[in-house]
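Colleague: The structure that follows is given in the form of structure tokens.
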Amino acid sequence: MDPRVSRKALQAAISRDPEDIESRLLMSRMLMDDHSPKKALALLEQIISLDPGNAEAWLKVGLCWGMALLENLPSSEIWGEEKDEELMAENSLHALEKAIEFDPELVGAYNAMARIYMIRGQEDEAIELFTQSLQIDPTQLDVVDELQEITGSPA
């Protein structure tokens, strides 16, 4: 993200153009970086209503819902309230599946899904998703390491 793009500039762009998807994506990323998934989700839902097939928006929705799980933080710290872990995982997986549906080569969605499956103790599903991700982009050394850690053998 261009560090020169300020929140004020993005907010102004969003206010000026109700269909400015790129500014909404950038702002949602800033909000996610600030651990504010609830605010980011509001923007992402606007994007999806404008462009239901926007794979990047679906990926970000999945990451918002999975944020507390993936970063091992209490849901109250991320959401300002207690959230059911299973609900967060299900919402995250649903959105990540949509992201893959609209962009079958979106490795970030495969990797996030695999990590959520690992958290849930579903290693076989995680292995399958990490393997699919590596078939798309074999240069992901972090994924190679994770897969090797799960399986106990080189990926």
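Colleague: Would you call SER153 hydroxyl-bearing (Ser, Thr, Tyr), open to solvent by less than 80 Å² (accessible area, probe 1.4 Å) and within 19 Å of ALA55 (Cα to Cα)?
Modeller: no
Colleague: How about the stretch 1-23: which of its residues are closer than 25 Å to GLU71 by Cβ and either modelled with pLDDT of 95 or more or open to solvent by 70 Å² or more (accessible area, probe 1.4 Å) (or both)?
Modeller: MET1, PRO3, ARG7
Colleague: Continuing with the same structure: Kindly list, by first and then second residue, each pair from a residue in the stretch 43-70 that is farther than 13 Å from ILE100 by Cβ to a residue that is open to solvent by 60 Å² or more (accessible area, probe 1.4 Å) and assigned to a helix (DSSP H, G or I), limited to pairs with Cβ atoms under 6 Å and residues at least 6 apart or on different chains.
Modeller: What qualifies is LEU69/ILE119; LEU70/ARG115.
Colleague: Take the residues in the stretch 28-41 that are open to solvent by 10 Å² or more (accessible area, probe 1.4 Å) and part of a helix (DSSP H, G or I), then tell me which one is nearest to MET67 (Cα to Cα).
Modeller: Step by step, filter the stretch 28-41, then rank; the result is MET32.
Colleague: Give me the residue from the stretch 42-60 that is out of contact with any Asp or Glu (no Cβ under 9 Å at 6 or more places or on another chain) and aliphatic (A, V, I, L, M) and, out of that set, least open to solvent (accessible area, probe 1.4 Å).
Modeller: That would be LEU44.
The values are calculated or read from the model by the stated rules, or taken from the named source; none is laboratory data. Note that the coordinates shown come from a computational prediction; the quantities given were computed from them, not determined experimentally. Methodologically, a virtual Cβ is constructed for each residue, glycine included, from the backbone with ideal geometry; neighbour enumeration extends over all protein chains shown. Note: accessible area is taken over every heavy atom of the protein model, side chains too, but ligands, DNA and RNA are not part of it. Shrake-Rupley method; radii C 1.70, N 1.55, O 1.52, S 1.80 Å.
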